[in-house]
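Remarks on the structure that follows.
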Amino acid sequence: MPVPLSQMATVAGYVLKQKLARRERYPLVLMLEPLYRCNLACAGCGKIQYPSNVLKAQLSVAECLRAVDECGAPIVSIPGGEPLLHPQIGELAAALVARRKYVYLCTNALLLEEKLPLFQPSKYLSFSVHLDGLAEEHDRSVCRDGTFETATRAIRAALARGFRVTTNTTLFEGADPERTAAFFDEAMRLGVEGMMVSPGYAYEKAPDREHFLARERTVQLFRRIFAAGGARRKQWRFNQSPLFLEFLLGARDYECTPWAMPSYGVFGWQKPCYLLQDGYAQSYHELLGATEWRRYGRASGNPACRDCMVHSGFEATSVDHAFSSLRGLAAMARATLFGVAAPAPGSMPPRAVPAAAAPDAAPTRGWSADASPAALRAAFEYRGDVTLELEGGESAEGYVTDVGPSALRLWTRGSTAVREIPVARVRRIALTGRDPAAGKSFETWKQRQAHAEAAPAAS
Ligand code: SF4
């Protein structure tokens, strides 16, 4: 059983309670990001490109627990950044376990073996280890050699000490179905409890945006992986809803429910979802009330949502579906008992569809303009410090984390002091700091790609 019965029962009871209370929007998994800094710089990651003062900032245990208590979701996933870099991560995990939250601590596992003594094995705690494929594919994905070996050694050590361990895998354009199927076999041989898979999302700030999958190709890739697995796929255990897998396989369609997996981090509650950054709310309650949900999701026509099939948007939808009708429940029971419906692969479009909303025209360092809604938006979307000329000749420099109708929030350059500045006071805006999103890891990824393409094929 890939998900323990007690966890399934807790989630089922919780969702039924929401249904009985007729709550249209409720949280299922809190994505708690206590910090953004990381010890890797993966090409597909859009989470770590911030000025150094932001990367040094972290939530305290008390701030994390306040968010957990306010939100009330039964599952807490801790991505990041790399959560094992947080100095109180052991204390945080213990406090969440004491609250009987099911915790998925998402880690690249570079530090896991060394940090295991900070944790106690518990049915509430799982290490969710980032592995994007077999050694070659994973090391390329995270832009560092030897990472797969370190991570798998840590997985064995954690399992030997009685911890729950799962893997989490993000698949990109160009993933080889046979190799991915072989990776799933390998994960099962390692002895992990289950695997979580998701297609990548084309983060606007990710160094590599060319290798994200458009919707049709996502479906075809997952079908090909399942076809490549043949009879072996019966051995594969997934630590996620089988109906979500059927969504990835194109056997059913869903709309996203991003409020069900809200994201809380150093800037607050991220609007509208883990993937997009359209500002921040200061409470989950405010997030629910202040977000214009109709502007998001595939049906909205928002180009940023067009190709999204990511688990943080859609997995909760599949869980909600299972508990919304007898038909949903029957579909869930059938997929759990007899395996997911995996249609045969069809024809593939010849080339990848370019990712939506490419930031070609995004202003870069040195750009400046008089204050206007568009200029404020540019300042908000820039991943470096900006300089604001204010009325009365004053200027303010820092990182803009939110722009509201009447005020913006600025993390003052080099510190974590947050200033609220009335929008009406801003006269001119200049992008003055270095943009870490246009950084070195892009080159590293490109160089590695070129190297891989030039290398002779293995015999
Ligand atoms: S479709 Fe994806 S990117 Fe758009 S709101 Fe939903 S989860 Fe976020």
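The values are calculated or read from the model by the stated rules, or taken from the named source; none is laboratory data. Being a predicted model, the structure only gives us computed values, none of them experimental. Counting neighbours? That spans all protein chains shown, and the Cβs are built from the backbone with ideal geometry, glycine included. Heads up: the accessible areas ignore ligands, DNA and RNA and are worked out on the full protein's heavy atoms, side chains in. Shrake-Rupley method; radii C 1.70, N 1.55, O 1.52, S 1.80 Å.
How much length would be gained if the chain were fully extended between GLU286 and GLU91, taking 0.36 nm per residue of separation minus their Cα-Cα distance, in nm to one decimal?
Answer, rounded to one decimal: 67.4 nm.
Short version: ³J(HN,Hα) in whole Hz for each residue of the stretch 181-187, in order, from phi by Karplus 6.51 cos²θ - 1.76 cosθ + 1.60 (θ = phi - 60°), x for Gly and Pro, what are they?
Values per residue, Gly and Pro as x: 4, 5, 5, 4, 4, 5, 4 Hz.
Please find the FRET efficiency linking GLU70 to SER6, where r is the Cβ-Cβ separation and R0 is fixed at 41 Å, and quote it to the nearest 0.05.
0.95
Could you calculate the FRET efficiency of SER368 with PHE338 from 1/(1 + (r/R0)^6), where r is the beta carbon distance between them and R0 is 60 Å, rounded to 0.05?
Details: r = 61 Å, r/R0 = 1.02.
The formula returns an efficiency of 0.45 here.
Of the beta bridges DSSP finds with both residues in the chain, what % are antiparallel, to the nearest 5?
On the way: 28 of 54 bridges.
Expressed as a percentage, antiparallel bridges in the chain total about 50.
So which cysteines of the chain have no other cysteine's Cβ under 4.7 Å from theirs?
So far as the 4.7 Å Cβ criterion goes, CYS38, CYS64, CYS71, CYS106, CYS143, CYS256, CYS273, CYS305, CYS308 stand without a partner in the chain.
From largest accessible area down, sort ASP253, ASP307, ASP385, ASP176; use a 1.4 Å probe on the protein chains. Write out the running numbers ahead of the final one.
Numbers: ASP253 110, ASP307 35, ASP385 10, ASP176 70 Å².
My answer, sorted largest first, is ASP253, ASP176, ASP307, ASP385.
To the nearest 10 degrees, how steep is helix 147-160 against the longest Cα principal axis of the chain, on a 0 to 90 scale?
60
Ignoring everything except DSSP H segments at least 4 long, calculate the 222 nm mean residue ellipticity for the chain; use -39,500 (n - 2.57) per segment, divide by total residues, nearest 500.
Values: 15 runs with 159 residues, N = 459.
Calculated mean residue ellipticity at 222 nm is -10500 deg cm²/dmol.
With angles folded into 0 to 90 degrees, how steeply does helix 61-71 sit against the dominant principal axis of the chain? Use alpha carbons for both and round to 10.
Its long axis makes an angle of about 70 degrees.
Work out how much length ARG215 to ASP145 would gain on full extension: take 0.36 nm times their residue separation and subtract the Cα-Cα distance, in nm to one decimal. Present the calculation step by step, with values, prior to reporting the outcome.
Details: separation 70, 0.36 × 70 = 25.20 nm, distance 3.02 nm.
Between ARG215 and ASP145, full extension yields 22.2 nm more.
Assuming 0.36 nm per residue, please report the length gained on full extension of the stretch LEU159 to ARG427 beyond their Cα-Cα distance.
Numbers: separation 268, 0.36 × 268 = 96.48 nm, distance 5.78 nm.
90.7 nm is the gain from fully extending LEU159 to ARG427.
Could you rank the peptides 390-398, 117-125, 94-102 by their average count of other C-beta atoms within 10 Å per residue, with the highest value first?
Answer by packing, highest mean first, reads 94-102, 117-125, 390-398.
Where does each of HIS86, HIS130 land when they are ordered by accessible area, with a 1.4 Å probe and the largest first? Walk me through the numbers on the way to the answer.
Numbers: HIS86 5, HIS130 35 Å².
Largest accessible area first, the list is HIS130, HIS86.
Can you list the aspartates and glutamates whose alpha carbon is less than 19 Å from that of LYS17, not counting same-chain residues fewer than 8 positions off?
Candidates past the 8-residue exclusion: ASP69, GLU70, GLU315, ASP320.
Please report, as a whole percent, how much of the solvent-accessible surface of the chain comes from carbon and sulfur atoms (probe radius 1.4 Å). The partial results should precede the final answer.
Details: 10610 of 19870 Å².
Of all accessible area on the chain, carbon and sulfur atoms account for 53 percent.
Between LEU408 and residues 5 or more places away or on another chain, which pairs have amide H atoms under 5 Å apart, with H built 1.01 Å from N, and which residues are they?
Here the answer is ILE421, VAL423, since their amide H atoms fall under 5 Å of that of LEU408.
Which residues' amide hydrogens lie under 5 Å from the amide hydrogen of GLY265, considering only partners 5 or more residues apart or on another chain, with H built in the peptide plane?
GLU33, GLN270
Taking a probe of 1.4 Å, how large is the accessible area per residue of the chain, in Å²? Each step should come with its number before you reach the end.
Values: 19870 Å² over 459 residues.
On a per-residue basis, 43 Å².
Please find the FRET efficiency linking ARG22 to LEU329, where r is the Cβ-Cβ separation and R0 is fixed at 22 Å, and quote it to the nearest 0.05.
Numbers: r = 18 Å, r/R0 = 0.83.
Calculated transfer efficiency: 0.75.
For ASN168, which sequence-distant residues (separation of 5 or more, or a different chain) have an amide H within less than 5 Å of its own amide H, given hydrogens modelled in the peptide plane?
So ASN168 has HN proximity to VAL129, HIS130, LEU131, MET196.
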